[in-house]
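The values are calculated or read from the model by the stated rules, or taken from the named source; none is laboratory data. For clarity, every value in this text was computed on a predicted model and none was experimentally measured. Counting neighbours? That spans all protein chains shown, and the Cβs are built from the backbone with ideal geometry, glycine included. With ligands, DNA and RNA removed, areas are computed over all heavy atoms of the protein, side chains included. Shrake-Rupley method; radii C 1.70, N 1.55, O 1.52, S 1.80 Å.
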Amino acid sequence: WNQCAIRLFGFSREEIFNHFLVQEFITDDYKIALQAVFDKAFRGEETENFVFPLITKGGARIEMLLNATPRRDEQENIIGVIGIGQDITSRLAQEKEFTKLIDSANAPIFGVDTQGFVNVWNQCAMQLVGYSTEEVMGKNFVKEFISDEYKIAVQLVFDQALEGRETANFEFPLMTKAGVRIYVLLNATTRRDDQ
């Protein structure tokens, strides 16, 4: 329990040491999952990027990103768990706001991952094309929704965007769920993660 943890959560070392972290400081809905992370570490297995809430001494909820690894002595015996946590509360709030902004935009917005599978589909795209989010998520956009004569051209635009080269006002037809061919202008830009 270092100085950063003391500042972030408000509990001193004396208030934390010799207490059961999971049973005493974790919300009921995460106790089993977090205990499983610690149990894995006691078996020698690491866990990365486990998200869970911690409640501060003042009662505030903080979303944590945890990496847990076994702590070993000189003979390599497991003697505990080292948990390295990061407060991601504001990042999650920003992501939620970003998602809300995209979903409520008055223009169709869709996104694909690096393999071309749909991972963003806003309300306007749903209304324009007729497919619900559930119907398109995880589907290959070019293979499933682009007519044969435009597949290569649209795929090229996506490939260029993945290489960091943006495309503006690329016109192509999109087939609606009702079978109607509509023309859309595509602005393709790279979406990057934090790294």
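A few remarks follow.
- Atom-type composition of the exposed protein surface of the range 45-193 places 51 percent of the accessible area on carbon and sulfur (1.4 angstrom probe).
- The GluC sites (Glu not before Pro) of the range 143-195 that DSSP puts in a loop, and whose beta carbon has at most 13 other beta carbons within 10 Å, are Glu163, Glu166.
- Cα long-axis angle, helix 89-104 against the chain (0 to 90 degrees, to the nearest 10): 20
- Lysine pairs meeting the criterion (Cα under 21 Å, 8 or more apart or interchain), as found in the chain: 7
- Electrostatic dipole magnitude of the range 73-195 [Cβ: Lys, Arg +1; Asp, Glu -1; Cα centre; debye, to 20]: 760
- The range 50-195 - Kirkwood radius from inverse mean 1/r over Cα pairs (Å): 18.5
- In this simple spin-label model, placing a label point 7 Å from the Cα along the Cα-to-Cβ direction at both Ile6 and Ala107 gives a separation of 5.1 nm.
- Loop-resident GluC sites (Glu not before Pro) (DSSP state other than H, G, I, E or B) in the range 58-93 with no more than 11 further Cβ atoms inside 10 Å of their Cβ: Glu74, Glu76.
- Selection from Thr89, Asn77, Leu66 lying farthest towards where the dipole of the range 66-116 points positive, charges on Cβ: Thr89
- Per residue solvent-accessible surface (Å²) - the chain, probe of 1.4 Å: 66
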